[in-house]
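The values are calculated or read from the model by the stated rules, or taken from the named source; none is laboratory data. Source: prediction; values computed, not measured. Note that each Cβ is placed from the backbone with ideal geometry, even for glycine, and that neighbours are counted across all protein chains shown.
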Amino acid sequence: SQTIHQWPATLVQPVGSPLSLECTVEGTSNPNLYWYRQAAGRGLQLLFYSVGIGQISSEVPQNLSASRPQDRQFILSSKKLLLSDSGFYLCAWSDRLTQHFGDGTRLSIL
Amino acid sequence: SQKIEQNSEALNIQEGKTATLTCNYTNYSPAYLQWYRQDPGRGPVFLLLIRENEKEKRKERLKVTFDTTLKQSLFHITASQPADSATYLCALPPISNTGNQFYFGTGTSLTVIP
């Protein structure tokens, strides 16, 4: 069966520091991959999605970037974090019908 | 872009009653609609998918209806239990076969009171 792993679960970073969140999927090949951010009491904001290795689409202008170096690996990065980057980050993969989410990373910026 | 509205306020119900959550959407006619459950600090989990040619779908104590004329889906939990307390999200698929973006509502927070 398919599984999705996302880490770390929580992260506290100072303003201006870099960021790297990693997501890997097992049990499927060539999935569509997604990064979302969810603010407290808010909906899911799509940040990036990828349909294949090296193919990244960005939905909103932001301080973040994404990369897909391998078929089942999706990385969210930032060179310098801002206070506004705080939130709950979710990775997901899609089988074209539904989305399957990881357990998220709670990012706090100090 | 797609707009999805769910019950704007949290919903509190007594254990054993039926919870009904509403999802309204605009701007296009999706081939299907989905419901997800999200517990605090966790990612959403897929519950049910209903297609445009299906009026109703059931899974154990869950029932979903889909009215494409009203552009509305109703999500029912019968004989509700405190363990059903969570946030429930409705979602629509990409607009076309070539699209990739799913559209999620902001969710309705359900609390089942013992």
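Any idea which of (1) in a strand (DSSP E or B); (2) in contact with an Asp or Glu (Cβ under 7 Å, 6 or more places away or on another chain); (3) touching a residue at least 40 places away in the same chain (Cβ under 8 Å) is the one A:Leu46 doesn't satisfy?
(3)
If you go through segment B:26-55 one residue at a time, how many are in contact with a Gly (Cβ under 9 Å, 6 or more places away or on another chain) and either part of a loop (DSSP other than H, G, I, E, B) or of a type in the set (D, E, K, R) (or both)?
Total satisfying the criteria: 4.
Give the number of residues within segment B:7-41 that are surrounded by 16 or more Cβ atoms within 10 Å (Cβ to Cβ) and among the charged types (D, E, K, R).
So the count comes out to 1.
Scan segment A:49-80 for residues that are over 11 Å from the mean Cα position of the chain (by Cα) and assigned to a loop (DSSP other than H, G, I, E, B) and jot them down.
Once the filter is applied, which keeps residues that are over 11 Å from the mean Cα position of the chain (by Cα) and assigned to a loop (DSSP other than H, G, I, E, B), segment A:49-80 yields A:Ile53, A:Gly54, A:Glu59, A:Val60, A:Pro61, A:Gln62, A:Asn63, A:Asp71, A:Arg72, A:Lys79, A:Lys80.
Go through (1) over 18 Å from B:Phe46 (Cα atoms); (2) out of contact with any helix residue (DSSP H, G or I) (no Cβ under 9 Å at 6 or more places or on another chain) for A:Asn63 and report which single condition fails.
Every listed condition holds for A:Asn63 apart from (2).
Being surrounded by 13 or more Cβ atoms within 10 Å (Cβ to Cβ), among the acidic types (Asp, Glu) and in contact with a Lys or Arg (Cβ under 6 Å, 6 or more places away or on another chain) narrows it down to one of A:Asp71, A:Asp103, so name that one. Steps first, please.
Details: A:Asp71 fails: in contact with a Lys or Arg (Cβ under 6 Å, 6 or more places away or on another chain).
Of A:Asp71, A:Asp103, the one residue that is surrounded by 13 or more Cβ atoms within 10 Å (Cβ to Cβ), among the acidic types (Asp, Glu) and in contact with a Lys or Arg (Cβ under 6 Å, 6 or more places away or on another chain) is A:Asp103.
Can you find a residue that is modelled with pLDDT of 90 or more and not aromatic (Phe, Trp, Tyr) anywhere in segment B:93-100?
No.
Between a first residue in segment B:95-114 that is crowded, with 20+ Cβ neighbours inside 10 Å and a second residue that is among the aliphatic types (A, V, I, L, M) and assigned to a loop (DSSP other than H, G, I, E, B), which pairs have beta carbons less than 8 Å apart while being 6 or more apart in sequence or on different chains?
Within 8 Å, the pairs are B:Thr108/B:Ala10; B:Leu110/B:Ala10.
Within segment B:78-88, identify whether any single residue is touching a helix residue (DSSP H, G or I) at 6+ places or on another chain (Cβ under 9 Å) and within 14 Å of chain A (Cβ to nearest Cβ), and answer yes or no.
Narrowing segment B:78-88 to residues touching a helix residue (DSSP H, G or I) at 6+ places or on another chain (Cβ under 9 Å): none.
Taking every residue of segment B:78-88 in turn, none turns out to be touching a helix residue (DSSP H, G or I) at 6+ places or on another chain (Cβ under 9 Å) and within 14 Å of chain A (Cβ to nearest Cβ).
Of the residues A:Thr28, A:Thr24, A:Thr3, only one is of a type in the set (Ser, Thr, Tyr), surrounded by fewer than 16 Cβ atoms within 10 Å (Cβ to Cβ) and either closer than 12 Å to A:Leu76 by Cα or out of contact with any Lys or Arg (no Cβ under 7 Å at 6 or more places or on another chain) (or both); which? If you could, list the steps in order and put the result at the bottom.
On the way: A:Thr28 fails: surrounded by fewer than 16 Cβ atoms within 10 Å (Cβ to Cβ); A:Thr24 fails: surrounded by fewer than 16 Cβ atoms within 10 Å (Cβ to Cβ).
Step by step, each of A:Thr28, A:Thr24, A:Thr3 is checked, and only A:Thr3 is of a type in the set (Ser, Thr, Tyr), surrounded by fewer than 16 Cβ atoms within 10 Å (Cβ to Cβ) and either closer than 12 Å to A:Leu76 by Cα or out of contact with any Lys or Arg (no Cβ under 7 Å at 6 or more places or on another chain) (or both).
What residue, among those in segment A:2-24 that are in a strand (DSSP E or B) and touching a His at 6+ places or on another chain (Cβ under 8 Å), is nearest to the other protein chains (Cβ to nearest Cβ)?
If we filter segment A:2-24 for residues that are in a strand (DSSP E or B), which is where we start, we get A:3-7, A:10-13, A:19-24.
Keeping just the survivors that are touching a His at 6+ places or on another chain (Cβ under 8 Å) gives A:4, A:23-24.
Details: A:Ile4: 8, A:Cys23: 11, A:Thr24: 14 Å.
Per the criteria, the residue is A:Ile4.
Of the residues in segment B:65-84, how many are within 14 Å of the chain's Cα centre (by Cα) and within 24 Å of A:Phe101 (Cβ to Cβ)?
Final tally of qualifying residues: 7.
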